[in-house]
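Have a look at the structure below before the remarks.
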Amino acid sequence: MATETAPPTTPTPEGVEAASRYVQPDVDVPALTALLDGKYAEVRSLVRANLAEHADILVQAETLSRDEFRERVKEVVVEMATTGQTGMGFPEEYGGGGDIGASIAAFETLAYGDLSVLVKVGVQFGLFGGAILQLGTREHHDAYLADLIAGRLMGCFAMTETGHGSNVQALGTVATYDVATQEFVITTHGEQARKDYIGNAARHADVAVVFAQLEVGGVSEGVHAFVVPIREGGSPCAGVRIEDDGEKMGLNGVDNGRLWFDGVRVPRTALLNRFADVTPAGVYESPIENPNRRFFTMLGTLVQGRVCVGGAGINAAKVALTIATKYAVRRRQFEASSDEQEELLLDYGLHQRRLFPLLARTYALHFAQEVVAGQLHDVFSGISDDEHSRRELESRAAGTKALGTWHATRTIQECREACGGAGYLSINRFAALKADTDVFTTFEGDNHVLLQLVAKGLLTDYSSEFSDLDQFGMVRFVAGLAVETVIERTNVHKLLERVKDLLPGGDEWDQAAGLLDSDYQLAMLRFREEHMLAGVARRLKRGIDQKMNPGVVFSRVQDHVIAAARAHVERLVLEAFVDKARSLPDGDLKVTLNLLCDLHGLSTIEADRAWFMEHGRLTVPRSKAISREIAGLCRKIRPLAEDLVDAFDVPVEMLRAPDLIGD
Ligand SMILES: Cc1cc2nc3c(=O)[nH]c(=O)nc-3n(C[C@H](O)[C@H](O)[C@H](O)COP(=O)(O)OP(=O)(O)OC[C@H]3O[C@@H](n4cnc5c(N)ncnc54)[C@H](O)[C@@H]3O)c2cc1C
């Protein structure tokens, strides 16, 4: 960021003068917390208070048996429901809060605590409740919402099967309409079609939203969702078989299980019929003619889960960073700069280099998450509910979820190591954080599969054909366009042109601009995105021109596709951070955020410096200058570090780690 306090890259006389002008900012921690909490500060406070009240669950996760712990988790979830915390996204007439943005804020904040509680809340209110709300109509809302919001009716979301997780269109469970009785008959065809990993299924759910291939009059109409009772009085309903998935790597307070259906009959009204219905006489009707588009429209309404998990990953990373940073300003190891006493860990350049880019990225992802949560709120509250906004939201949710959850995995591991042997003790939180967040990269969509969705949106510009296209269709679609058209459609090109106008040096903008100019950092990320997208489009086109099978073409280009999608999301994340920092009035808070934003921008470029050098946008001296700049930024952040993690305001009860964090 170009700030009056930031020195330029090379120590020119002006640079020395600017460096001497740098005044270390004072971090007003409550003000920074208020900025991070944003418009839902009150909701976040409520959740923090609830977490503190139930802090004993962190200990119980280690001391209770699995069965006891599952019961305890359920108890806490239901108690939290009574505070309104878990129902904020539902309509007020059923006891909800009527505010989708608030429900995301509540969920994210819950990730400061035990993650089995978080995931059980996600399953009950997000997945099960979300499916009833989004895919059902008035009759379903009246029948289920009030009870499920209050936690009186527990349910599950049974989509995944052993044979198919990512490819939902290939599910094997079948729901056949029986016109004689006006019922659907649900059947599991073979072991690969059994429902698997389903949260709440092994023990607590009485009802399942089951995704199955709908067959009417011998015609398959694709995947639809049905409300199916699975348990009564604690025992499986007739025709339903339930099995426990058993011990997992983490999240053992959640009862994941398997389900089989053997000709289970449910009434015609069990079909969640917002997007399609079957008349009593057995006629299939839907306002969305194209089956692919219908399917993606249905799934699109469930995007909230993805936004939630991304935010939860980012907040779990905050817990790890808080503990590791607090430890590093207390723990001493080896004499270094003084003979009198050993050095604090955080005074080592290496420790700063390990933790601060992750801290900066956490801030960046936080603000990127704020953008996507805002978009979700706007789309689902009808504020900007057009087709293009929906597709854009889906893409952004997928990308932020992927980057946010990968970031959690990486950050938690680095922080664990940064605490040495102490990091390995369960009381210090990392054992649970690692085990419980690991699967965030897989559920609510495998991250690599999600990035392919991002790429599809980019390459087709969420065109009207977007929802109709499968992978092959997408390849053909892109191959049919000129490469320039693909680039034109993405808008990256225009953004890059605009930035080139802003930066000095014309085509040499990358050489002339100051490293701490956020326009330079953004231009670098835009260049990478544009270049990668053009490369993908060119390769897809070439493959089709050579009459190769579209599937083979896509498979060969797939790593390039993923890289382009990632480059796109990285750009969005940096943009969100830059926008936030620019929006602040001059003052210490802005200076502080600018330091973090620069660190994030430059670290992102540094992480891919080989690519930038390969593509002629980074010289060797400049690449080295970036590394020097990063080290300088780390030194400036060092005195602010504890304040920067305190601003996350993780309740002290959630940190545990009494020997690591001090009083
Ligand atoms: C703890 C837990 C809780 C869960 N809760 C629920 C729940 O409540 N309800 C529910 O319905 N589901 C649930 N799931 C299921 C979860 O959503 C799926 O596991 C997830 O969608 C991934 O599907 P999969 O396991 O079949 O993996 P796969 O789709 O088989 O993926 C395996 C690997 O193959 C790769 N891959 C897949 N397709 C491609 C491709 N086209 N190109 C390149 N690589 C590819 C993936 O990147 C991944 O690395 C849960 C899972 C777990 C572990």
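Quick notes on this one:
- Between Asp586 and Thr619, the contour length at 0.36 nm per residue exceeds the Cα-Cα span by 8.5 nm.
- Per-residue 3J(HN,Hα) values for the stretch 41-48, derived from phi via the Karplus relation 6.51 cos²θ - 1.76 cosθ + 1.60 with θ = phi - 60°, read 4, 5, 4, 5, 5, 4, 5, 4 Hz in sequence order (x marks Gly and Pro).
- Based on Cα contacts under 8 Å between residues 6+ apart, the chain shows a relative contact order of 16 percent.
- Sequence-distant lysines (8 or more away, or on other chains) whose Cα lies within less than 26 Å of Lys39: Lys120, Lys318, Lys401, Lys580, Lys590
- Take the chain with all the other protein chains still there, run a 1.4 Å probe, and you get 39 Å² of accessible area per residue.
- Cα gyration tensor category, rounded, prolate or oblate, for the stretch 133-266 with a/c compared to 1.5: oblate
- Each Lys or Arg adds one and each Asp or Glu subtracts one; over the other residues with Cβ under 12 Å from the Cβ of Asn167, this totals -3.
- The Gln558 and Glu335 beta-carbon pair, evaluated with R₀ = 51 Å, returns a calculated FRET efficiency of approximately 0.50.
- Nearest 10 degrees, 0 to 90: helix 66-82 Cα axis against the chain principal axis: 80 degrees
- Tensor-based shape of the stretch 244-299 (alpha-carbon gyration tensor, a/c under 1.5 rounded, otherwise prolate or oblate): oblate
- Share of carbon and sulfur in the accessible area of the stretch 98-239 stands at 50%, probe radius 1.4 Å.
- The HN-Hα couplings worked out from phi for the stretch 270-282 by the Karplus form 6.51 cos²θ - 1.76 cosθ + 1.60 (θ = phi - 60°) are 6, 5, 6, 10, 5, 10, 6, 9, 10, 6, x, 7, x Hz, whole numbers, x standing for Gly and Pro.
- Rounded, prolate or oblate (a/c below 1.5 giving rounded, otherwise prolate when a/b exceeds b/c) for the chain by Cα gyration tensor: oblate
- Listed by chain and number, the lysines placed with their C-alpha closer than 16 angstrom to that of Lys456 are Lys541; residues fewer than eight positions away on the same chain are left out.
- Label positions at Thr442 and Asp507, each projected 7 Å from the Cα along the C-beta direction, are separated by 5.0 nm.
- Backbone phi angles across the stretch 259-267, fed through the Karplus curve with coefficients 6.51, -1.76 and 1.60 (θ = phi - 60°), yield HN-Hα couplings of 9, 10, 10, 10, x, 6, 9, 10, x Hz in residue order; Gly and Pro are listed as x.
- With the simple model of a label 7 Å out from the Cα in the direction of the Cβ, Arg152 to Lys248 spans 2.8 nm.
- Its DSSP H runs of at least 4 residues, each contributing -39,500 (n - 2.57), put the calculated 222 nm mean residue ellipticity of the chain at -17500 deg cm²/dmol, to the nearest 500.
The values are calculated or read from the model by the stated rules, or taken from the named source; none is laboratory data. Fair warning: this is a prediction, and the values are worked out from it, not measured in the lab. When we count neighbours, we look across all protein chains shown, and the Cβ atoms used for this are built from the backbone with ideal geometry, even at glycine. Protein only, heavy atoms only, side chains kept; ligands, DNA and RNA dropped before computing areas. Shrake-Rupley method; radii C 1.70, N 1.55, O 1.52, S 1.80 Å.
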